[in-house]
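Q: Pasting a structure here, questions to come.
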Amino acid sequence: MIAGIDLGTTNSLIGVYEGGFPSLLADNDGNRITPSVVFYPEEGEPLVGREAVRFRSLQPERSITSVKRLIGRRIGENGTEQISGRKGAPAVITIGDRVITPEEVSSEILKKLKSLAESRLGTTINRAVITVPAYFNDAQRGATRRAGELAGFTVERIVSEPTAAALAYGLDRLADRSKVAVYDLGGGTFDLSVLQLDNGVFQVLSTHGDTQLGGDDIDEAIAVLIRRKAGIKEPSITVTSRLKEAARTAKEILSTAEMTVVRLPFLEENKSLEIPLTRAEIDEASAPIIRRTRSLCLRALQDAGLESADLDQVILVGGSTRMPLVRSFVKEIFGREPNLSQHPDESVALGAILQGAILEGNLQNVALLDVTPLSLGIETFGGLMNVIIPRNTTIPAKAGEMFTNAIAGQGGMKIVILQGERELASDNWILGSFEIPFSPSPKGTARVGVQFSIDADGILQVLVRDTSTGAEKILEIKSAVEVSDEAVEAMLAGSLEHAFEDMDARIFTEARLKAEEMTPSVHDALAQLESEIPEDEVASILRLTEEVTSALGSKETKRLKQALISLDEATQGLATRLVEKAMRT
Ligand code: AMP
């Protein structure tokens, strides 16, 4: 039996496929939702879920929430602002004198879910499908898989959340060919994915998101509002934590009620507070956060080549989509009412269960296809990004290219694996790098094949082979994001913002490489053909090569391209004459 798990930022769920149906499993108190909170007491085993929540307001410094924002991250990347340490080192959490990795924290949550399922079903469960946001990169997916393994699961598949949700919504309800947008606003992340359902095959056409946008941010904005209304100047860490919890409760109540009273007994100096709060007030505080989803939605539609009118459905996923304000924003963005037929908190877990059932062969005629969130490629000579697998390619995917040596006598090649949308290698993220040695050979004669393959979990394997010797190296990229200061969304924003100058930089670099190759070979040819070319022609060619050198120095792309075209035209005959000369002698 394969369990389906939604390992959420705020809440997690587990279930199995039984008797022909997906079913979510509840704990002894009937709760299907386990808060993704872990409390580390000074002694003894960590507490998870509701028990941990109880201790959180008493000892917030010993409890960990939203660990999903840290998993697979390195210090300096988005989400790690609260963590101190050397930039680039894996993010870890320190509690007292214990140092804990995000994988370990997540594995505690998974262990809790595992034991919940096992006690419900009376059998051991060792296999699982776990969901992650569509935007998770290789490192984050790999770390999630490791957390599953630490908890004692064989992780059969890592599935993107919107894909899972569409599976839960879509199985038999939608027409054979439909296009669906999945708007997923959870506790910590936002994603908008556009999917196509085609005769039982789900395919993600595009996805955009923000890994640092969700209900937690809304809670913070509301906590600030409560603090202002209560006139609290400098709250202690305990008070801040209580305010945030009160904000969250009030927010959830105001999804159905128009007003509520926030009660905070014995807050500071034994003072108790009662603050009335209306839906209109929290809407005003949260609108700027929710509005940030708009441009991401529009971009995902644009990437899929669709207008909102082309969509058959808009599906809501994530607890935060219960807010009436979110629903009205979604309606405004897509010009239609979203589909509310599923529980927004449960559809991802249901999809994970269904995916498990597909893997076990219990459900036929359904396949799940996902896409790469960012382009993958390698750095080429001149510092350019050479894309091997473009963004939004359906996975699993395999693609390769043949490369050669740019310099004569080169004894090896450094392969730098990049992820990102920018034209210059240095603007993209480095996922890893390695050297492949080959026997020194004249320029352009070495043959090095580079193959990228991404498996169904989104894990990348890079194979590099020197085709003359058969020597090869394989690098699997699960967790080795060496440098990554920018978040995915910043990368995409950057690629749009710099599209023009990036393209110019690429054209200039390509022209520069051509100039550096052409100038010496023209001089070489002239030297060999010295006596055979009229003096004025030699002079004219030399003038043109000087213009190339000077255009190169001026860094003007247009001028350099023009100079190269002129030099190319003027030297067309040189190669033929060289061949003729060689044949004569
Ligand atoms: P998820 O990550 O999908 O579990 O979503 C968790 C987020 O949904 C948290 O920020 C919750 O406060 C929020 N949430 C849950 N229920 C509601 C509700 N009824 N109204 C507003 N937000 C909610």
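Q: Roughly how tilted is helix 572-584, in degrees to the nearest 10 and between 0 and 90, from the longest Cα axis of the chain?
A: Orientation of helix 572-584: about 50 degrees from the principal axis.
Q: Just to confirm my numbers, what's the Cα centroid distance between the range 387-405 and the range 330-364 in Å?
A: 30
Q: Something else now. Just to confirm the number: angle between the C-alpha axis of helix 488-497 and the first principal axis of the chain, 0 to 90 degrees, nearest 10?
A: 50
Q: Right, here's the next one. Identify the trypsin sites (Lys or Arg not before Pro) of the range 486-585 meeting these criteria: DSSP loop state and at most 14 other C-beta atoms within 10 Å of the C-beta. Spell out each step's value before the answer.
A: Numbers: sites: 506, 512, 514, 543, 555, 558, 559, 561, 577, 581, 584; in loops: 555.
Answer in residue order: 555.
Q: Can you work out the PRE-style zone for residue 514? Point 7 Å along Cα to Cβ, and I want the residues of the range 562-579 with backbone N under 11 Å.
A: Only 562-569 fall inside the zone, counting backbone N under 11 Å.
Q: Taking the dipole about the Cα centre of the chain, with the C-beta of Lys and Arg at +1 and of Asp and Glu at -1, give me whichever of 296, 213, 49 is farthest to the positive side.
A: Farthest towards the positive end: 49.
Q: In square angstrom, what is the accessible area per residue of the chain with a 1.4 angstrom probe? Working shown, then result.
A: Values: 26180 Å² over 585 residues.
It amounts to 45 Å² per residue over the chain.
Q: I've got another one for you. Enter the per residue convex hull volume of the chain, computed from alpha-carbon coordinates, in Å³ rounded to the nearest integer. Don't skip to the end; give the middle numbers.
A: On the way: hull volume 116.1 nm³, N = 585.
Output value, Cα hull per residue: 198 Å³.
Q: Cβ under 14 Å from residue 554's Cβ, residue 554 left aside: what net charge do those residues give with Lys, Arg +1 and Asp, Glu -1?
A: Once all neighbours under 14 Å are counted, the net charge is +1.
Q: Which ³J(HN,Hα) values in Hz, rounded to whole numbers, follow from the phi angles of the range 545-555 under the Karplus curve 6.51 cos²θ - 1.76 cosθ + 1.60, where θ = phi - 60° and Gly and Pro get x?
A: 5, 5, 5, 4, 4, 6, 5, 4, x, 6, 6
Q: Also: Straight-line reach from residue 414: which aspartates and glutamates fall under 14 Å, measuring Cα to Cα and dropping same-chain residues less than 8 apart?
A: Once the sequence-local aspartates and glutamates are set aside, what remains near residue 414 is 379, 435, 466, 472.
Q: Just check the range 215-288 against the gyration tensor rule for me: Cα atoms, a ≥ b ≥ c as the square roots of the eigenvalues, rounded for a/c under 1.5, and otherwise prolate or oblate depending on whether a/b exceeds b/c.
A: prolate
Q: Using 0.36 nm per residue, how much length does the chain from residue 582 to residue 328 gain when fully extended, once their Cα-Cα distance is taken away?
A: Values: separation 254, 0.36 × 254 = 91.44 nm, distance 7.80 nm.
Separation in residues times 0.36 nm, less the Cα-Cα distance, equals 83.6 nm.
Q: Residues with amide H under 5 Å of residue 418's amide H, sequence separation 5 or more or different chain, H placed in the peptide plane at 1.01 Å from N; which?
A: For residue 418, whose amide H was placed from the backbone, the distant partners under 5 Å are 377, 378, 379, 431.
Q: When the dipole is taken about the Cα centre of the chain, and only Lys, Arg (+1) and Asp, Glu (-1) are charged at their Cβ, what size is it in debye, to the nearest 20?
A: On the way: 63 positive and 84 negative charges, 239 e Å.
Once rounded to the nearest 20, the dipole reads 1140 debye.
Q: What ³J(HN,Hα) values, in whole Hz, does the Karplus curve 6.51 cos²θ - 1.76 cosθ + 1.60 give for the range 122-132 when θ = phi - 60°, with x put for Gly and Pro?
A: With the stated coefficients, the range 122-132 comes to x, 8, 7, 10, 10, 10, 8, 10, 10, 9, 9 Hz.
Q: Can you return the aspartates and glutamates within cross-link range of residue 112? Criterion is Cα-Cα under 17 Å, with same-chain partners fewer than 8 residues away left out.
A: 6, 27, 29, 45, 51, 103, 104, 149
Q: Using the Karplus curve 6.51 cos²θ - 1.76 cosθ + 1.60 with θ = phi - 60°, work out ³J(HN,Hα) for each residue of the range 431-442 in order, rounded to whole Hz, and write x for Gly and Pro.
A: 8, x, 7, 7, 9, 10, x, 9, 5, x, 8, x
Q: Carbon and sulfur: what percent of the range 215-288's accessible surface (1.4 Å probe)? Display every interim value, and only then the final one.
A: Working: 2200 of 4120 Å².
Roughly 53 percent, rounded to a whole number.
Q: A further question on this structure: How would you rank 70-79, 394-403, highest first, on the average number of other Cβ atoms within 10 Å across their residues? Don't jump to the answer; show the numbers that get you there.
A: On the way: 70-79: 22.0, 394-403: 15.9.
Most protected by this proxy first, the peptides run 70-79, 394-403.
Q: Still on this structure, I have one more. What is the distance in Å between the Cα centroid of the range 123-156 and that of the range 456-479?
A: 23
Q: State whether the range 416-469 is rounded, prolate or oblate according to the following rule on the C-alpha gyration tensor (a ≥ b ≥ c being the square roots of its eigenvalues): a/c under 1.5 gives rounded; otherwise a/b larger than b/c gives prolate, and the remaining case gives oblate.
A: On the way: a/c = 2.77, a/b = 1.51, b/c = 1.83.
Since a/c reaches 1.5 but b/c is at least a/b, the shape of the range 416-469 is classed as oblate.
Q: Between residue 434 and residue 280, what is the label-to-label distance in nm when each label sits 7 Å out along the Cα-to-Cβ direction?
A: 6.4
Q: Work out the charge dipole of the chain with +1 on the Cβ of Lys and Arg and -1 on the Cβ of Asp and Glu about the Cα centre, then indicate which of 261, 66, 194 is farthest towards its positive end.
A: The residue sitting farthest along the positive end of the dipole is 261.
The values are calculated or read from the model by the stated rules, or taken from the named source; none is laboratory data. The structure displayed is predicted, hence computed values, not measured ones. We place every Cβ from the backbone using ideal geometry, glycine too, and count neighbours over all the protein chains shown. What goes into the accessible areas is simple: the full protein's heavy atoms, side chains included, and nothing from ligands, DNA or RNA. Shrake-Rupley method; radii C 1.70, N 1.55, O 1.52, S 1.80 Å.
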